[in-house]
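The values are calculated or read from the model by the stated rules, or taken from the named source; none is laboratory data. Note that the coordinates shown come from a computational prediction; the quantities given were computed from them, not determined experimentally. Note that we place each Cβ from the backbone using ideal geometry, even for glycine, and neighbour counts take in every protein chain shown. For the accessible areas, the whole protein counts, side chains as well, though only heavy atoms, and no ligand, DNA or RNA atoms are used. Shrake-Rupley method; radii C 1.70, N 1.55, O 1.52, S 1.80 Å.
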Amino acid sequence: MRNAVPRVAAIHDLSGFGRTSLTVAIPVLSAMGAQVCPMPTAVLSTHTAGFTGYSFLDLTDQMRLFLDHWQALNLKFDAVYSGFLGSPAQVDIVARCIDMCRVEDGLAVVDPVLGDNGQLEPTMDMEMVQRMRWLVRKADIITPNFTEAALLLDEPYRESISTADLMDWLRRLTAMGPRVAVITSVPVAGHAGISSVAAYHSTHDRFWKVDCQYIPAHYPGTGDTFASVLTGSLLQGDSLPIAMDRAVHFVTLGIRATFGHNSPSREGILLERVLDTLRAPVTVSSYELLEDEDRCK
């Protein structure tokens, strides 16, 4: 039975400073009407992008105790949503949460946090990549960025990708298990100054994309923000392309609000400035069907 208020098990790290992971997922999903139940994977003094000397506490053992207690209480979640994992052993805990604590027909969303800009995150290694390839089999929806999609598929990182190759990547990602794959920060060949978010819904056999104008700044936590808005939107009953659209436009608005203030990029987007916009109804959409350019000629 569904909960009166959608309940989300958010399995992410908690960084004391910097707008990433749980400090993004909790306010975003709460603003979208969901009850967020955090299971911290690690506690850090700051996130890992742009900071050095940060403290890092692996909470693998505590996560097992969390899940034992949740199961004893017979807690059920409308979505299990995972992000940054602090150790390879945590993959099994996430899988167990999906298997034991998700309501029937609930969502399993895996954001396979591994790296960005062609590089692994400082706390990640190839063992974690291998374990993440296994975890995505448990997901309904995965939201890798372009680097993470390449890692999952064992493809070399590249500066751009053709539409045909992108569609092939999306199909291969869903062949790993999830019914929906969404790739963010896609550098589409022949479209300088634009990156795209592209998705494939294998059940419907449809590809979707939303383009984003390039802004010359990089903010940690935008992937967490995107995946959180996408999850919240789907829980509200939105279609996949509308959920993508909402997530892209919210992240873009946050980036623009932050870029204008010239605040340090490593602190993340000024989420507090734009959070209220999540309650606004969808009035404009810019999603498109993604089609193979060669077939369209």
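Computed values, structure above
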quantity: Elements of type helices (runs of 4 or more DSSP H) in the stretch 143-252, at least 1 residues being aliphatic (A, V, I, L, M) and under 30 Å from A4 (Cβ atoms); calculated: 222-235
quantity: Test: residue in the stretch 85-93 that is in contact (Cβ under 8 Å) with a residue 12 or more places away in the chain, within 17 Å of T143 (Cα to Cα), open to solvent by less than 20 Å² (accessible area, probe 1.4 Å) and assigned to a loop (DSSP other than H, G, I, E, B); calculated: yes
quantity: Selection from the stretch 47-57 of residues that are at pLDDT 95 or above and among the polar types (S, T, N, Q); calculated: S55
quantity: Filter pass, D276 being buried (at least 17 other Cβ atoms within 10 Å of the Cβ) and charged (D, E, K, R); calculated: no
quantity: Criterion: closer than 29 Å to S30 by Cα and open to solvent by 40 Å² or more (accessible area, probe 1.4 Å) - qualifying residue of S228, S185, S160; calculated: S185
quantity: Cβ-Cβ under 7 Å pairs, at least 6 apart or on other chains, the stretch 170-185 side closer than 24 Å to T225 by Cβ and modelled with pLDDT under 95, far side in a strand (DSSP E or B) and open to solvent by 10 Å² or more (accessible area, probe 1.4 Å); calculated: S185/N145; S185/S195
quantity: Complete set of residues in the stretch 231-246 that are farther than 17 Å from D211 by Cα and crowded, with 16+ Cβ neighbours inside 10 Å; calculated: T231, G232, S233, L234, L235, D238
quantity: Count of the stretch 33-46 residues which are under 14 Å from L85 (Cβ atoms) and touching a Ser or Thr at 6+ places or on another chain (Cβ under 6 Å); calculated: 1
quantity: Selected residue (only one of H249, H261 is surrounded by fewer than 24 Cβ atoms within 10 Å (Cβ to Cβ), at pLDDT below 95 and over 19 Å from the mean Cα position of the chain (by Cα)); calculated: H261
quantity: Test result for A10, more than 20 Å from I255 (Cα to Cα), crowded, with 21+ Cβ neighbours inside 10 Å and either touching a residue at least 24 places away in the same chain (Cβ under 8 Å) or of a type in the set (G, A, S) (or both); calculated: yes
